[in-house]
Amino acid sequence: MTGTYDILSYFLELFSSGLTRGSIYALLALGYTLVYGVIGLINFAHGEVYMVGAFIGLIVAGIMSIMDYNILAILFVTLTFAMIYAAAYGFTIEKVAYKPLRQAPRLAALISAIGMSIFLREYVILAQTPDFVSFPALIPKPAFLLAIKNYLEPTEVLIILSSLTIMVLLLILIKRTKVGKAMRSISQDREMALLLGINVNKTISMTFMLGSVLAAFAAILIAAHIGQINYNIGFIVGIKSFTAAVLGGIGSIRGALLGGLVLGLTESFATGYFSSDYEDVFAFSILILILIFKPSGLIGTVATEKV
Amino acid sequence: MNSEIRKSIIAAAWFSLLSFPLIVLKVDYIEKTIDLRWNNLIFIAVGTFFVSYVWRYFLRRGEKSRQEETAVGIAIDQKKRPSVDSPTQKILTQLSNLTQSKPLIAILLVMIVAFPLGSSTYQTSIIISTMMYIVLGLGLNIVVGMAGLLDLGYGAFYLIGAYAYALLNLNYGFGFWISLPIAGMLAATFGVLLGIPVLRLRGDYLAIVTLGFHEIVRLVVENWDEVLHGPSGIPNIPKPGFFGLKLGFNGSTVYLYYITVVIMVIAIIVIRRLHISRVGRAWMALREDEVACQAMGIDTTKTKLTAFALGAFWAGIVGVIFAAKSSFVNPASFTFYESAMILSIVVLGGAGSIRGVILATLILILLPEYMRFLKEYRMLLFGALWVTMMVFRPQGMISDARHKYELNPEPDGNENKS
Amino acid sequence: MKTVLQTDKIGKNFGGLRALDAVDLNIQEGEIVALIGPNGAGKTTLFNCITGMHEPTDGKVNIIPPGKGKTCVNGFKPNIITELGLARTFQNIRLFSKMTVLENVMVGCHCRNKNTFLEAIIKGPRFKREEKQTLAHSLDLLETFGLVDFAQQMAENLPYADQRRLEIARALATDPFLLLLDEPAAGMNPNETNALDQLILKIRTEKKISILLIEHDMKLVMRISDRIFVMNQGKNIADGSPQEIRNNETVIHAYLGEE
Ligand SMILES: Nc1ncnc2c1ncn2[C@@H]1O[C@H](COP(=O)(O)OP(=O)(O)O)[C@@H](O)[C@H]1O
Ligand SMILES: [Mg+2]
């Protein structure tokens, strides 16, 4: 009897940790997908915005916890600050490293993006620290979730729920608002969007800021959950989220959600039931296989070059 | 006030605000300390003011020359467009012409050969590193510069070469000289193995896949303790012996130095010959336009695989030198940073330019060795350099790398410099 | 007369769009055939199917290289088809822009040489011989096209009309028996167009090759072509001498109908 129970609870544990990872990947994958959809660039520095967001959060949360604020207040202010700052970073990165290269070949912009990513990592190493630092545990364990704590980790449930909420908000934003419509029309046909009087520069900036806000949100949640960060967290998570975006079909918003969740769950089950040594190898292999055999992803269409 | 100065002040204020939390504040909430480092902010403010001013100036200039170019293009449609050389371009051209003079090359060679005689082992070892990076840069330049395949995983082949020697030596007692060609061939084989599946990939996807390949190779080495010895690596790798003679540490470093010189010279000659051969032209055609390249009757599959293989070969060779030089290999020596460093050389040097690669290695590898304060900021500057190069000079320092074929070849066809 | 190209009811679908529908095109040795039709008629698509850039959805593309038997080239890679002796230019110029004019033509000679990279490294005898021939042959071609003065210039720095000519020279360097030109006179002024038709005639007589060209400039088409092949909406609607086409009701209708 206990045997079945253990098997079930282990499964649930893996399931909820998979969903948690998955929602983080999905939040970041949205950033990759939005930017790719609008300007066709793999924003390699996106993972670094996530990392910078975590460090900004660490500073705000650190100051506030030294001043003994209430944990919910800290969480709220930390999230707000990290998201605003991440948006500012995203905005600036686009202006400095990508905007001058709009007409340049795709690879030039990609190299610039990788350069930006290296720069930001080093910037954090030099300005803060090359070591792991601990991050305050900010996520509350509300009473109504304690009831299920034998089956699911309450903080994980909170992360999953809040990620889903913010993603739904984003979907509404893109479907309903003017900015969302502008983003969609630019991704379909930039020239046409220009003719229709859409402010392309503003829309691209908005896209970067939106993606960065989501990244910072994910960063704070996961940092507070895991309890430590370093300058390198953006690199691996960034690549995995990009994998998620490609898995779902890059450029597609629903695809990013789907890809994130699928990747998170597979990773969690694979490491839980097989071996955790090769966790990252596993993710990279998925990335390579998808890019090679189905570059259009699970939902998405291939664009063929016209001769 | 001058509007440019005003804009730069705004930029400085913006960047100060942006970097304030990370640059000024350092918080330890466990020890309950807040460190305020205001001097950093002053540095950022002043620094970004000047950078922004210069950045804007060059952006405007770039824009203007682009406009002029189109205007000129329309005005004298019939005649050939004069090539407008900017002053920087002229200086770089002169600089690179200088490297073509025979006496200069001779002097350089003598200096290189004489160097270890009057220098410490430490100095010698720095120059070995520099030469290793020259060869790595040249090898990657085949793939990225000539064939136009953005490869972010070149460090993986370097790792494969180093581990090939370490393992062959550990398990079978193979020496340096036997391992050298085996490691080169092995790396080339891996180059082809990576190349086959990625043949049809678009440029930016290729970059990401090669990056993933690099990470996979490194992680496999890190985790496969039984065969590859995991994160702790493999120690006690011997340096090459001199005809059975056991040399001391200093002696063997000097010997390795000369071996590296010879390998570098061979690499330069071989790659220069490839550059101006049938396959070299096919690589460049591939880089310029894959569809047109195939329409010219070129087998793009074969051409890509040759580029991957010949590029990887040199990484394998240098890997063996690395293992011998440091007598120790571990996966931590071959991170993405290593690939990034080598790619920086190609990006700065100029796509397809051999002289560019050499010049860029001297700037990026040798300079920080002698300017210690640069070393700490090296990767930061590399990142900034990539962005700056792409924005202002995507063709690299030495852009006019095109070979000028002798139009009236003498009976024996003297070869020109490339 | 010998046939060099023969398409057998080829069709091409792009999703739901039928870009080509049962097109039968024959070209005889030494013939200059003009392929005309309104924009979107499927002319470039026909080129792409013949040269292997697209695989036809149905039907067959057969080529008969001089002195060889009939070969069906469906599914062949473009480079193999070029090696068999078909060469083409592109509607939107596709030169190797960061290579010199001379190198562009030398790339065209690639498939007629055999030396390997190992021979290039050791400068083997075959490498030396072939490089010398390639250089001489390329300069010859540039001479024919009046581009020899620009040999060491970057291809991207050439004026527009010269770029179009360079594309033809590069295609000829592959030593074809059939040359396919996609709108070679597009963007040229009347003087340049006149010079071009002299050049095309000269290529035919001197190199003894057949030419299939897509062109919108009807004056040029009437002056140089032996035969005109008209397409509309993926179908062949007429095929005959310039005289016949000039008076063909369907053709007039197709063109006027479009206006
Ligand atoms: N690669 C492609 N994918 C989808 N549709 C295409 C492609 N190439 C051409 N088409 C379509 O096929 C039709 C014929 O095009 P094309 O052959 O270029 O015409 P033409 O050269 O006669 O002007 C057009 O409707 C065009 O949009
Ligand atoms: Mg066309």
Suppose R0 equals 41 Å. What FRET efficiency, 1/(1 + (r/R0)^6) with r the Cβ-Cβ distance, do A:LEU169 and B:VAL227 give to the nearest 0.05?
0.25
Can you tell which of B:LEU219, B:LEU18, B:LEU380 shows the greatest fluctuation in a Gaussian network model of chain B with Cα springs below 10 Å?
B:LEU18
Take C:GLN152 and C:GLN91, extend 7 Å from each Cα along the Cα→Cβ direction, and tell me the distance between the two endpoints in nm.
3.9
Quickly estimate the mean residue ellipticity at 222 nm for chain A, helices only: each DSSP H run with n ≥ 4 gives -39500 (n - 2.57), and the total goes over all residues, rounded to 500.
-25000 deg cm²/dmol
What residues qualify as long-range amide H neighbours of B:LEU149, i.e. H under 5 Å apart, gap of 5 or more or another chain, H built at 1.01 Å from N?
B:VAL144
Which whole-Hz ³J(HN,Hα) couplings does the range C:88-102 yield from phi under the Karplus relation 6.51 cos²θ - 1.76 cosθ + 1.60, θ = phi - 60°, glycine and proline marked x?
9, 10, 10, 4, 9, 3, 10, 7, 8, 5, 8, 10, 6, 4, 4
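Over the range A:85-158, consider all pairs of different Cα atoms and compute the Kirkwood hydrodynamic radius from their mean reciprocal separation; express it in Å, one decimal.
Roughly 16.2 Å, rounded to one decimal.
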For the range B:138-146, in residue order, the Karplus 3J(HN,Hα) values (coefficients 6.51, -1.76, 1.60; θ = phi - 60°; whole Hz; Gly and Pro = x) are 5, x, 5, 5, 4, 6, 7, x, 7
Any idea what the relative contact order of chain B is, in percent, if you count C-alpha pairs under 8 Å spaced at least 6 apart?
23
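Students often check this: by mean Cβ neighbours within 10 Å, which of B:235-242, B:101-108 ranks highest, and how do the rest follow? Walk me through the intermediate numbers first.
Numbers: B:235-242: 15.6, B:101-108: 10.1.
Answer by packing, highest mean first, reads B:235-242, B:101-108.
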Computed label-point distance, nm, for sites B:PHE115 and B:THR301 using a 7 Å Cα→Cβ extension:
4.4
Which parts of the range B:284-305 would a label at C:PHE14 reach, counting a residue when its backbone N lies under 20 Å from a point 7 Å out along Cα-to-Cβ?
B:290-292, B:295
Share of the protein assembly as shown's accessible area from carbon and sulfur, percent, 1.4 Å?
63
Under 5 Å from the placed amide H of C:ILE32, counting only residues 5+ away or on other chains, we find C:ILE211, C:ASP226, C:ARG227
To the nearest 0.05, what FRET efficiency results for B:LEU59 and B:LEU36 with a Förster distance of 51 Å applied to their C-beta separation?
0.90
Give me the net charge of A:PHE274's neighbourhood, meaning all other residues with Cβ under 15 Å from the Cβ of A:PHE274; Lys, Arg count +1, Asp, Glu -1.
-4
Listed highest first by mean packing, meaning other Cβ atoms within 10 Å per residue, what order do C:199-207, B:159-167, A:85-93 come in?
B:159-167, A:85-93, C:199-207
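Quick one: net charge of C:GLN28's neighbours, Cβ under 13 Å, K/R +1, D/E -1?
0
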Sorted by chain and number, the residues with a modelled amide H under 5 Å from that of C:LEU5, at a separation of 5 or more or across chains, are C:ILE27, C:ILE64
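Roll a 1.4 Å probe over the protein chains and send me the accessible area per residue for the range A:21-232 in Å². Could you put the intermediate results ahead of the total?
Values: 8300 Å² over 212 residues.
Per-residue value: 39 Å².
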With each label point set 7 Å from Cα along the Cα-Cβ vector, what nm distance links B:ASP28 and A:TYR69?
2.3
Sequence order, the range C:149-158: Karplus ³J(HN,Hα) from phi using 6.51 cos²θ - 1.76 cosθ + 1.60, θ = phi - 60°, Hz rounded, Gly and Pro as x, gives 5, 9, 3, 9, 7, 5, 4, 5, 8, 6
Would you kindly calculate the mean projected area, averaged across all directions, of the convex hull enclosing the Cα atoms of the range C:95-175, in square nanometres?
5.0
Peptide B:15-22: average number of partner chain Cβ atoms within 10 Å per residue?
5
Chains C and B: how much accessible area gets covered up at their contact, both sides added, probe 1.4 Å, in Å² to the nearest hundred?
4000
Quick check: the angle from helix A:253-273's long axis to the longest principal axis of chain A, C-alpha only, nearest 10 degrees?
40
Check cross-link reach from B:LYS102 to the lysines: straight Cα distance under 19 Å, and skip same-chain residues fewer than eight apart.
B:LYS404, B:LYS417
Sum -39500 (n - 2.57) across every DSSP H segment of at least 4 residues in chain C, then divide by the residue count to get the 222 nm mean residue ellipticity, nearest 500.
-11500 deg cm²/dmol
Which log10 I(q)/I(0) values, to two decimals, does chain B give at q = 0.08, 0.10, 0.14 Å⁻¹ under the Debye formula with one point per Cα?
-0.54, -0.83, -1.37
A student applying the Cα gyration tensor rule (rounded when a/c is under 1.5; otherwise prolate if a/b is larger than b/c, oblate if not) would label the range A:1-117 oblate
How much accessible surface does B:ILE127 have with a 1.4 Å probe, in Å² rounded to 10?
30
Using alpha carbons only, how many angstrom separate the centre of the range B:1-45 from the centre of the range A:204-270?
29
For the range A:21-232, what is the number of Lys pairs with C-alpha distance below 27 angstrom, counting only pairs 8 or more positions apart or on separate chains?
12
So which lysines pass the test for C:LYS208, namely a Cα distance under 30 Å, with those fewer than 8 places away in the same chain ruled out?
C:LYS2, C:LYS9, C:LYS43, C:LYS60, C:LYS68, C:LYS70, C:LYS77, C:LYS114, C:LYS128, C:LYS132, C:LYS219, C:LYS235
For the pair B and A, the solvent-accessible area buried on both sides (1.4 Å probe; DNA, RNA and ligands excluded), in Å² to the nearest hundred, is 5300
Can you list the lysines whose alpha carbon sits under 29 Å from that of B:LYS239, skipping same-chain ones fewer than 8 residues off?
B:LYS325, B:LYS375
Evaluate the Debye formula for the range C:46-139 with equal point scatterers sitting on the alpha carbons, no solvent, and hand back log10 of I(q)/I(0) at q = 0.18, 0.21 Å⁻¹, in q order, two decimals.
-0.97, -1.10
Ignoring solvent entirely, what values of log10 I(q)/I(0) come out of the Debye formula for the range A:21-232 at 0.15, 0.17 Å⁻¹ when each Cα is a single scatterer?
-0.96, -1.16
Name the residue, out of C:ALA195, C:ALA169, C:ALA22, whose mean-square fluctuation peaks in a Gaussian network model built on chain C with Cα pairs under 10 Å.
C:ALA195
Of C:THR71, A:THR203, ordered by accessible area with the largest first and a 1.4 Å probe, the sequence is C:THR71, A:THR203
Taking only Cα atoms, what is the 0 to 90° angle, nearest 10, from helix A:71-93's long axis to the longest principal axis of chain A?
20
For chain A, calculate the relative contact order in percent as a whole number, restricting contacts to Cα pairs under 8 Å that are 6 or more residues apart.
36
If you consider only alpha-carbon coordinates, what radius of gyration and Dmax does the protein assembly as shown have, in Å?
31.1, 97
Compute the angle between helix C:125-144 and the longest alpha-carbon principal axis of chain C, please, reported from 0 to 90 degrees and rounded to the nearest 10.
50
Name the residue, out of C:GLY124, C:GLY11, C:GLY42, whose mean-square fluctuation peaks in a Gaussian network model built on chain C with Cα pairs under 10 Å.
C:GLY124
Can you pull the mean other chain C-beta count within 10 Å for peptide A:228-240?
1
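Please report the net charge: other residues with Cβ closer than 11 Å to the Cβ of A:LEU12, K and R +1, D and E -1.
Computed value for this residue: -4.
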Cα gyration tensor, the range B:203-280 - rounded (a/c under 1.5), prolate or oblate
oblate
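The values are calculated or read from the model by the stated rules, or taken from the named source; none is laboratory data. Just so you know, these numbers come straight off a predicted model, no measurement behind them. Because the Cβ atoms are built from the backbone with ideal geometry, glycine has one as well, and the counts that use them run over all protein chains shown. SASA here: full protein model, heavy atoms, side chains in, ligands and nucleic acids out. Shrake-Rupley method; radii C 1.70, N 1.55, O 1.52, S 1.80 Å.
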